[in-house]
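A quick write-up on the structure given underneath.
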Amino acid sequence: MAGLLMSFFSATRTLPQGLAVAINLLGPLLLAWWTGSGPRRGWWPLLALTGILALSRHGERWAADAAGLGWAALGAACWAAYIAMLRRVGERCPGGDGVALALPAAALLVSPWCGFAAAPSGAVLLQLAGLSLLMPVLPYLLELAALRRMSTASFGVLMSLEPAVAVLAGALALGQSATPLQLVGLAMVTAASLGALSES
């Protein structure tokens, strides 16, 4: 959880939001590929990689840098581990106890890298409190509840919609417009996730 959050936010400092989410999606995709046995499972990661390369292009230039790509790749690995562990936690811990225990542990792990150049204002603290509910707490509780009611494959199919939502949110809230090539890349990543998870 700590690695996923730190990696994602670090990646979005230099990468468009849709690209960062698409690379993160490689984690669940490769997890499904590794555990799957379908005849076409080897093609899905290749299709996803092609889509990510298309997402990386913005006109005549690349919309990605090495540091951002590295952080996003680390986030992908953390996401795959998170999904595998979350299901196990859901089986062993009642209610939201697992997430309640994981959040303070994650906070302690990332605290050495967090700090303020100056004392934060009340508005900043309020924004941080809202972000902590919207990013780690609420999604993780909902994902835990979902994994208790559906298979990992079905859960992954729903997660494949995240790059599309990220591109839409980036366009509406951050002014990150997508080119036609990037939209094609987005469709490739989503199709690869759906294909791999249908065979898992």
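Key figures for this structure:
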{"quantity": "Looking only at the stretch 90-113, and only at residues there that are surrounded by 15 or more Cβ atoms within 10 Å (Cβ to Cβ) and in a loop (DSSP other than H, G, I, E, B), the one that is modelled with the highest pLDDT", "calculated": "93"}
{"quantity": "Residue in the stretch 180-190 that is at pLDDT below 70 and out of contact with any helix residue (DSSP H, G or I) (no Cβ under 8 Å at 6 or more places or on another chain) present", "calculated": "no"}
{"quantity": "Test: residue in the stretch 161-168 that is at pLDDT 75 or above and not in a helix (DSSP H, G or I)", "calculated": "no"}
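The values are calculated or read from the model by the stated rules, or taken from the named source; none is laboratory data. As the structure is a prediction and not an experimental result, all values here were calculated from the model. No Cβ is skipped: glycine too gets one built from the backbone with ideal geometry, and neighbour counts run over all protein chains shown.
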